[in-house]
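> Let me give you the structure first, and then I'll get to my questions.
The values are calculated or read from the model by the stated rules, or taken from the named source; none is laboratory data. Computed from a predicted model, the values in this text were never measured in an experiment. Note that each Cβ is placed from the backbone with ideal geometry, even for glycine, and that neighbours are counted across all protein chains shown. For the accessible areas, the whole protein counts, side chains as well, though only heavy atoms, and no ligand, DNA or RNA atoms are used. Shrake-Rupley method; radii C 1.70, N 1.55, O 1.52, S 1.80 Å.
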Amino acid sequence: DYHKDLCEEYNFILNTDGEKEDGLPLIKSIFEQGLAYEGYDCYCYINTDIILLENIQRYIDAIQEDNFCAVGQRIDVWDLPPINFLTESYNDILKKIYPLKKELHQHVGIDYFCFTPGFWDPKDFPRFRIARSTFDNWLMNHGITQGQGKMIDLSYTFQPLQLEPNSRPLIEGKRAEQINYNRQLGGYIKFGGTSNTPYFLTQEMNIEKR
């Protein structure tokens, strides 16, 4: 198994024991499984199709808060050439990415949440299924309105990438049903995007209020 071999080579923990529904992992279960590894100051949920060109750690270290959740927008890229992120140098990777078509993704598509263990309790999360819309917006609203700390936008300083297809297939059948299920669970969401966060991290690594 590719994922198992990769985790063994780089000393990652592969945990696939979380709760599933309709064949898809539940977001609340993923968060609960992560928090079960106790003793860490910060945890991060990140979608697996996100490309990190730099270490997010220095931005997290700049946040001097007991409890917080950091989020941010991504950059969409098209026609990404073959890149081996494990063996190619950082400068060589940048040379390949620099000339590509790129766009800042809309603020309501959130691909990562870096949070302290006391910021929220995943037991409060609805039974959202992964990769089926809405759960990220619900988490944003929940963190802003009920989180036990500051919700902070990193979009001005940290911008990961996501490869975008040149065309998207029509969403129908079971996938459409699963998306509608998540949307019904989410209900009305007032603060669903990164621009709704009360705080943001500046280029000077300071936390400022909007």
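> Can you tell me which of (1) touching a Pro at 6+ places or on another chain (Cβ under 6 Å); (2) more than 26 Å from residue 179 (Cα to Cα) is the one residue 5 doesn't meet?
(1)
> So which of 41, 22 is touching a Pro at 6+ places or on another chain (Cβ under 9 Å) and charged (D, E, K, R)?
From the options 41, 22, the qualifying one is 41.
> Another one. Among (1) buried (at least 17 other Cβ atoms within 10 Å of the Cβ); (2) part of a loop (DSSP other than H, G, I, E, B); (3) touching a residue at least 60 places away in the same chain (Cβ under 8 Å), where does residue 119 come up short?
Going through (1) buried (at least 17 other Cβ atoms within 10 Å of the Cβ); (2) part of a loop (DSSP other than H, G, I, E, B); (3) touching a residue at least 60 places away in the same chain (Cβ under 8 Å) one by one, residue 119 breaks only (3).
> Follow-up. Across the range 69-83, what is the number of residues that are open to solvent by less than 70 Å² (accessible area, probe 1.4 Å) and over 20 Å from the mean Cα position of the chain (by Cα)?
Result for the range 69-83: 3.
> Within the bounds of the range 11-19, is there any residue that is within 19 Å of the chain's Cα centre (by Cα), surrounded by 14 or more Cβ atoms within 10 Å (Cβ to Cβ), aromatic (Phe, Trp, Tyr) and over 19 Å from residue 162 (Cα atoms)?
The first filter runs over the range 11-19 and keeps only residues within 19 Å of the chain's Cα centre (by Cα), leaving 12-16, 18.
Of the ones still in play, those that are also surrounded by 14 or more Cβ atoms within 10 Å (Cβ to Cβ) are 18.
In the following step, the residues that additionally are aromatic (Phe, Trp, Tyr) were identified as none.
Scanning the range 11-19 turns up no residue that is within 19 Å of the chain's Cα centre (by Cα), surrounded by 14 or more Cβ atoms within 10 Å (Cβ to Cβ), aromatic (Phe, Trp, Tyr) and over 19 Å from residue 162 (Cα atoms).
> State yes or no: is residue 66 among the acidic types (Asp, Glu) and crowded, with 18+ Cβ neighbours inside 10 Å?
So residue 66 fails the test.
> Next up: In the range 124-152, what residues are under 12 Å from the mean Cα position of the chain (by Cα) and within 28 Å of residue 100 (Cα to Cα)?
The answer is 131, 136.
> Can you tell which of 90, 43, 10 is closer than 28 Å to residue 147 by Cβ and of a type outside the set (Lys, Arg)?
The unique qualifying residue is 43.
> Just give me the residues in the range 47-63 being open to solvent by less than 60 Å² (accessible area, probe 1.4 Å) and not hydroxyl-bearing (Ser, Thr, Tyr), in sequence order.
Residues satisfying the conditions are 47, 50, 51, 53, 56, 60, 62, 63.
> Then there's this: Which of the numbered conditions does residue 87 fail, given that it passes all the others? Conditions: (1) loosely packed, with under 11 Cβ neighbours inside 10 Å; (2) β-branched (Val, Ile, Thr); (3) within 18 Å of the chain's Cα centre (by Cα).
Failing condition for residue 87: (3).
> Another question, if that's okay. For a quick check of your reading: which strands (runs of 3 or more DSSP E) sit entirely within the range 1-93 and have at least 1 residues that are touching a residue at least 60 places away in the same chain (Cβ under 8 Å) and out of contact with any Asp or Glu (no Cβ under 9 Å at 6 or more places or on another chain)?
43-46, 68-71
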